[in-house]
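What follows is a short report on a single structure.
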Amino acid sequence: MFYRKLTSFVAVMLLAFTASVATFATDATDKRNDKQNARVLEPLNLAILIQDDLTSQVSNELAVTRDFIRSLPSGSRVMVGYITTGTLQVRQPFTGDLDKAARSLRMPLSNDAAAPYNPYVEVIEALRHFDGLKGKNAVLLISDGLDTSRGFDITSSGNTMDLLRAIKHANQQNVAVYSFYAPSVGLTSRSRIAASYGQNSLSRLARDTGGKAFFQGTNGFVTFDSYFKQLKQTLNEQEVFAS
């Protein structure tokens, strides 16, 4: 009887020890993954492009965007530009001074007068700034993705001329495009159809250039926090194009 009890006790202790080791290993793995996802691991050249007629809610996300820029690894270079009224306004050319790049961010104008009508022409313009840069290249496009320059119908959803040109130029320049969807003060804040068309275009741009599109339904977004968390994880998992 004594030996049976002793054997049972030893078996229970072994099971408890095994479970605690497994739990410790899982916790250690989770902590390691959290640490890796907390910041981008490899330096990259990143152009951040912000559409100037996005809703004022985007202004609330400047702090987390600045934190993301400052968290990039040493050796990264960042450009900041605004897509506004058919032009690309470069607030900060590519620089290795990440704090300077972060401070160059400003609130979007958030009015119809700043509408680009077509963000993809300015994406093409931004891609030219990667000329001569070495290393991994990426664009972060914060936009509603809607191109109304040549009409607005189902055939234009993810299939406009300038979107296809942007994809071609990004692939030629070895630049992966990532996108955060946010509604503009125009159509995409009033029409779910317009929002879905814009998201389709952003998704195709990202997919066809090796990037990824991030959005939360057609009603807009709550914060960019989850976007940046997913972006860091994606950048660490995917092979970003390198020159």
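The values are calculated or read from the model by the stated rules, or taken from the named source; none is laboratory data. Since the structure is predicted, the reported quantities are computational estimates derived from the model, not experimental observations. Glycine also receives a Cβ, built like all others from the backbone with ideal geometry; neighbour counts cover every protein chain displayed.
Summary of values
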quantity: Sole exception among (1) hydrophobic (A, V, I, L, M, F, W, C); (2) surrounded by 20 or more Cβ atoms within 10 Å (Cβ to Cβ); (3) within 18 Å of Gly86 (Cα to Cα) for Met161, by number; calculated: (2)
quantity: Residue identified as crowded, with 20+ Cβ neighbours inside 10 Å and more than 11 Å from the chain's Cα centre (by Cα) among Ala213, Ala206, Ala194; calculated: Ala194
quantity: All positions within the range 195-223 that are modelled with pLDDT under 90 and hydrophobic (A, V, I, L, M, F, W, C); calculated: Phe221, Val222
quantity: Answer residue from the range 46-73, given it is out of contact with any Pro (no Cβ under 7 Å at 6 or more places or on another chain) and among the hydroxyl-bearing types (Ser, Thr, Tyr) and is nearest to Asp112 (Cα to Cα) among those; calculated: Ser56
quantity: Subset of the range 208-239 [polar (S, T, N, Q) and within 19 Å of Ile48 (Cα to Cα)]; calculated: Thr209, Thr223, Ser226, Gln230, Gln233, Thr234, Asn236, Gln238
quantity: Output for the range 71-121, where each listed residue is free of Cβ contacts under 8 Å to residues at least 24 places away in the same chain, in contact with a helix residue (DSSP H, G or I) (Cβ under 8 Å, 6 or more places away or on another chain) and either among the hydrophobic types (A, V, I, L, M, F, W, C) or within 25 Å of Asp144 (Cβ to Cβ) (or both); calculated: Gln92
quantity: Cβ pairs under 6 Å, 6+ apart, first in the range 172-186 and buried (at least 24 other Cβ atoms within 10 Å of the Cβ), second acidic (Asp, Glu); calculated: Pro183/Asp144; Ser184/Asp53; Ser184/Asp144
quantity: Any hit, the range 93-104, residues being in the same structural domain as Leu146 (by TED's automatic domain parsing), part of a strand (DSSP E or B) and either surrounded by fewer than 17 Cβ atoms within 10 Å (Cβ to Cβ) or at pLDDT below 95 (or both); calculated: yes
quantity: Selected residue (criterion: farthest from Thr87 (Cα to Cα)) from residues of the range 115-135 that are buried (at least 21 other Cβ atoms within 10 Å of the Cβ) and at pLDDT below 95; calculated: Ala115
